[in-house]
Amino acid sequence: MLPFAGPAVPLSPGDIDATAARMGILRASVVAVLTVETGGAGGYLSDGSGRPRILCEAKRFGDGTGHRWDATYPNISSRVNNYKLYAGGAAEYDRLAQMVNLNRPVGLESASWGLFQVMGSNWKLLGFESIEAFVTAMAASEAAQLAVFATFCERNYLVQPLRDRDWPRFSRGYNGENYALNHYDTRLQSAFLLADGNPPPDGVLHIGCKGPDVQALQRTLVTAGYPMIADGVYGRVTELAVRTFQSMRGMTADGIAGPATSAALKGAAA
């Protein structure tokens, strides 16, 4: 068994509904956060390894280790947030392996885990005895990942913003003070509308969308120099690629592929 793998039990029908009811929020609000964080791709890697979906945060690792590894391991240790360091998918475990070899507890705390990408550094707040216990729970089931999300919201006073669908207030508590820089609140609102039965306008694709149009977009991104698997699922890696492209072109880096972004991508690919 690979390191950090577990039973990886998927959600049961009704798990999200039951959690939403207990929190007093709409099901679509839970799905919106899930969609923005993992794009509907699930809490585990699609390779069947039983490993939770993760992203390693270089700034968090750098801060936790006094930045002693910034020069020698710039791909995992940094003084600033740099989305370009994300490898995505199973490749994130290569980055995690480097982190844990240098400092295991800080390495595990520096990754976000599961369906809702909750940072390992929250293990004590969430009631776990250790970071290792937190990681074991994340590898056990998506139900455990869902429970961690609910607890995180409850203990950080984020349930009421979800009830009110106050996306900026929720985003500040869940994504950080700089949430507006990556349009986290507007992405949540778009994901909520999609989850609540409102499809995006024609020609507009964003995280959570699926199908041949997404696959065509992904192939264009690959041709334009953004490596990824063209699986037809607009997940976090696809969104990050779109945001990076938009930023380089001086466009609004919201990760939403509307007509202007799609046309610019096709031009770049050509």
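The values are calculated or read from the model by the stated rules, or taken from the named source; none is laboratory data. What you see is a predicted model, and the numbers here were worked out from it, not measured in a lab. Cβ: placed from backbone, ideal geometry, glycine included. Neighbour counts: every protein chain shown. These area figures cover heavy atoms from the full protein model, side chains too; ligands, DNA and RNA do not enter into them. Shrake-Rupley method; radii C 1.70, N 1.55, O 1.52, S 1.80 Å.
Of everything in the range 242-270 that's assigned to a helix (DSSP H, G or I) and among the hydroxyl-bearing types (Ser, Thr, Tyr), which residue is surrounded by the fewest Cβ atoms within 10 Å (Cβ to Cβ)?
It comes out as 247.
Out of the residues in the range 171-188 that are touching a helix residue (DSSP H, G or I) at 6+ places or on another chain (Cβ under 6 Å), within 25 Å of residue 264 (Cα to Cα) and not aromatic (Phe, Trp, Tyr), state the one that is modelled with the lowest pLDDT.
Checked the range 171-188; the qualifying residue modelled with the lowest pLDDT is 187.
Could you please let me know if residue 117 is open to solvent by 10 Å² or more (accessible area, probe 1.4 Å), more than 21 Å from residue 149 (Cα to Cα) and either of a type outside the set (Gly, Ala, Ser) or over 13 Å from the mean Cα position of the chain (by Cα) (or both)?
No.
Given (1) open to solvent by less than 60 Å² (accessible area, probe 1.4 Å); (2) over 18 Å from the mean Cα position of the chain (by Cα), identify the lone condition not met by residue 179.
It is condition (2) that residue 179 fails.
Can you tell me which residues in the range 199-211 are closer than 21 Å to residue 260 by Cβ and either open to solvent by 60 Å² or more (accessible area, probe 1.4 Å) or at pLDDT 95 or above (or both)?
199, 201, 202 - these are the residues of the range 199-211 that are closer than 21 Å to residue 260 by Cβ and either open to solvent by 60 Å² or more (accessible area, probe 1.4 Å) or at pLDDT 95 or above (or both).
Given (1) touching a residue at least 12 places away in the same chain (Cβ under 8 Å); (2) outside any loop (DSSP other than H, G, I, E, B), where does residue 181 come up short, assuming only one miss?
The one condition residue 181 does not meet is (1).
Give me the residue from the range 32-50 that is open to solvent by less than 30 Å² (accessible area, probe 1.4 Å) and aliphatic (A, V, I, L, M) and, out of that set, nearest to residue 136 (Cα to Cα). Explain how you work it out, then say what you get.
In the first step, residues of the range 32-50 are kept if they are open to solvent by less than 30 Å² (accessible area, probe 1.4 Å); the result is 32-39, 42-45, 49-50.
Okay, now just the ones that are also aliphatic (A, V, I, L, M), so 32-34, 36, 45.
Details: 32: 25, 33: 22, 34: 20, 36: 24, 45: 15 Å.
Applying the filter and picking the extreme gives 45.
Looking at residue 235, is it over 15 Å from residue 204 (Cβ atoms), open to solvent by less than 30 Å² (accessible area, probe 1.4 Å) and of a type outside the set (A, V, I, L, M, F, W, C)? Please lay out each step first, then the result.
On the way: over 15 Å from residue 204 (Cβ atoms): yes; open to solvent by less than 30 Å² (accessible area, probe 1.4 Å): yes; of a type outside the set (A, V, I, L, M, F, W, C): yes.
Here the answer is yes, as residue 235 does meet what is asked.
State whether the residues of the range 190-198 include one that is modelled with pLDDT under 95, of a type in the set (A, V, I, L, M, F, W, C) and open to solvent by less than 10 Å² (accessible area, probe 1.4 Å).
Yes, the range 190-198 contains a residue that is modelled with pLDDT under 95, of a type in the set (A, V, I, L, M, F, W, C) and open to solvent by less than 10 Å² (accessible area, probe 1.4 Å).
With 53, 104, 79 as the choices, which residue is buried (at least 20 other Cβ atoms within 10 Å of the Cβ) and among the charged types (D, E, K, R)?
Just one listed residue meets the conditions, 53.
Need pairs with beta-carbon distance below 7 Å; first residue within 11 Å of residue 108 (Cα to Cα) and among the basic types (Lys, Arg) and within the range 45-60, second open to solvent by less than 20 Å² (accessible area, probe 1.4 Å) and in a loop (DSSP other than H, G, I, E, B); sequence gap 6+ or separate chains.
Sorted first by the residue in the range 45-60, then by its partner, the pairs are 60/110.
Quick one: count up the residues across the range 175-209 that are within 21 Å of residue 17 (Cα to Cα) and in contact with a Ser or Thr (Cβ under 8 Å, 6 or more places away or on another chain).
Matching residues across the range 175-209 total 6.
Looking at (1) out of contact with any helix residue (DSSP H, G or I) (no Cβ under 6 Å at 6 or more places or on another chain); (2) of a type in the set (A, V, I, L, M); (3) in contact (Cβ under 8 Å) with a residue 24 or more places away in the chain, which is the only condition residue 193 fails?
All conditions are met except number (3).
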